[in-house]
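The values are calculated or read from the model by the stated rules, or taken from the named source; none is laboratory data. No experiment lies behind these values; they were computed from the predicted model shown. Ideal geometry is used to build each Cβ from the backbone, glycine not excepted, and the neighbour counts take in all protein chains shown. Accessible surface areas use protein heavy atoms only, side chains included; no ligands, DNA or RNA. Shrake-Rupley method; radii C 1.70, N 1.55, O 1.52, S 1.80 Å.
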Amino acid sequence: GRRGGRPAKGRAKRPARRLLGDAAPLNAALAPYTAPAPLAGESMTNRGTRRRVIDMLRPEHTALLVHDMQNDFCTPGGKIFERAAKQPEKIRSTVTQLAVCVEMARRSHVPIVYLQNMHLPNAADVPSSHLHHLMDSGLANGPEDIPCIKGTWGHQIVDELQLLSDDIIIEKGA
């Protein structure tokens with residue numbers, strides 16, 4: 001704009017930005033993950049003056065994207081969890097922490113978008129090279145044993161995230 005607070009010619013003045021809901025709970029939940037790292041040469045006295053990413057997010061332009069948090073990957077008894085998880089306790093801890101983030105995002109009116117891995121029964125959608133990879137690496141015993149078969153327990157989003165009817169699910173083939 002120009003001096004005097006008037007918009008430049010041909011440009012409309014934008015309305016003030018408003019947050020939907022209270023962002024404080026989301027900020028609190030994500031604080032351990034968003035604390036700014038000190039910059040080279042930065043003193044502790046000015047470190048707190050920088051804005052955290054989470055403080056700059058506007059819920060009306062933000063979504064929480066949750067990727068492949070499904071039983072076959074993240075829950076005891078899941079095909080990949082049982083066969084390949086090197087640190088299962090970290091996976092379970094991540095699920096618990098993510099559940100807190102999901103709840104805080106909901107309180108702040110931030111939409112939740114789930115990306116959900118999906119395969120058709122008997123590996124009908126899986127290229128033979130990928131099926132061979134799954135079998136050779138011990139992640140599947142055959143086409144009927146691949147992870148995340150649509151409609152199965154392993155395909156479902158983990159219970160801890162409490163999927164709601166207004167959450168968005170995008171199924172994707174792997």
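Rounded to a whole number, what is D in µm²/s for the range 63-104 from Stokes-Einstein with the Kirkwood radius over alpha-carbon pairs (10 °C, 1.306 mPa s)?
Working: Rh = 10.7 Å.
Estimated diffusion coefficient is 148 µm²/s.
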What three numbers, in Å, describe the spread of the alpha carbons of the range 51-147 along their principal axes, ordered from the longest? 49, 28, 21
Counting only residues 5 or more places away or on other chains, whose amide H sits under 5 Å from the amide H of VAL158 once H atoms are built in the peptide plane? GLN70, ASN71
Would you kindly state how much longer the chain becomes between LEU139 and THR96 on full extension, computed as 0.36 nm times their sequence separation minus their alpha carbon distance, in nm to one decimal? 13.0 nm
Mind grabbing the base-10 log of I(q)/I(0) for the range 104-169 at q = 0.21 Å⁻¹? Debye formula, identical points on the C-alpha positions, no solvent, two decimal places. -0.84
Spin-label pair GLU89/SER165, simplified geometry with 7 Å Cα→Cβ offset, distance in nm: 4.1 nm
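Give the total of Lys-Lys pairs in the range 70-174 with Cα-Cα distances below 22 Å; include a pair only if its members are 8 or more places apart or on different chains.
Working: LYS79/LYS90; LYS79/LYS150; LYS79/LYS172; LYS150/LYS172.
Count of close lysine pairs: 4.
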Sorting SER165, SER137 by accessible area (1.4 Å probe), largest first, what list results? SER165, SER137
